[in-house]
1. Please compute the length gained on full extension between residue 251 and residue 211, using 0.36 nm multiplied by the number of residues separating them and subtracting their Cα-Cα distance.
2. Could you tell me the convex hull volume per residue, in Å³, taken over the Cα atoms of segment 39-184?
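None of the figures in this text is laboratory data; all of them are computed from the coordinates on show. No experiment lies behind these values; they were computed from the predicted model shown.
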């Protein structure tokens with residue numbers, strides 16, 4: 001539920017609070033939410049500036065490599081990262097601006113794999129054909145050293161400064177690490193590479209989701225959302241592995257649809273829209289399979305699908321009326337701590 005100035009004015013007109021209290025409360029809420037990530041012009045400038053700084057890093061990486069070689073990457077990354085770190089600390093501790101501070105600290109973290117790569121290339125660990133650009137494009141178990149180093153540095157910095165946006169590079173690196181570890185598990189002639197990646201992605205994504213729930217519960221005392229990025233990339237990993245598993249049986253495809261419907265239910269219980277989005281995509285894929293494969297050119301299926309669509313609409317109407325109470329009841333039975341967390345988050 002979002003509260004606007006007109007809501008406070010309406011409460012004042014209804015004599016629930018006085019006009020002076022409405023004004024004071026609105027001023028307090030404005031100051032209280034000033035550093036909460038929202039779609040504000042200042043926040044857009046923050047993130048745009050961070051993207052430009054990261055783009056500048058990528059440009060210098062290419063030019064510096066061609067001009068001075070791999071050792072220049074190490075020197076540049078360490079110096080640039082140090083400046084970003086000190087600027088982030090200054091913004092956080094002196095200016096009390098957590099959003100731009102978090103962006104600067106994230107910039108320092110994303111320079112860690114570049115510095116490690118520079119050291120490895122300087123020691124001739126990488127052939128000239130394997131440039132740093134491939135780190136973001138290709139799966140290779142040799143990237144694991146860079147990813148573990150990034151996770152160690154990011155964990156220390158996150159423990160020290162505790163800014164939610166700093167979880168983003170951790171989640172991305174965990175995502176990369178899962179893909180590269182699956183590549184290292186493949187044994188030529190013994191296991192099919194694609195099958196290994198599918199199953200590893202599924203279980204690794206599930207582990208990331210469990211970690212996200214744990215972080216969510218551990219950070220219940222804090223107002224900030226530390227689990228968002230872990231949920232997002234955990235879902236990408238789990239759902240991607242699950243969706244890539246093609247089944248020749250209709251039963252397998254139906255179970256896939258049920259699992260995605262389960263994601264929607266989990267999203268309702270945890271009050272996390274990302275679950276509902278991925279689950280809805282999965283259900284839509286299954287319905288598309290029914291429409292274009294199993295019941296192709298069937299008028300009866302088109303009629304049934306229309307009824308299903310109407311049923312979903314009415315289900316949404318029913319959920320809008322009873323969902324909050326039902327979700328709260330489920331959460332209370334599942335975990336009172338989880339129920340308290342979601343209620344505090346304003347679900």
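1. Gain in length upon complete extension: 11.3 nm.
2. 108 Å³
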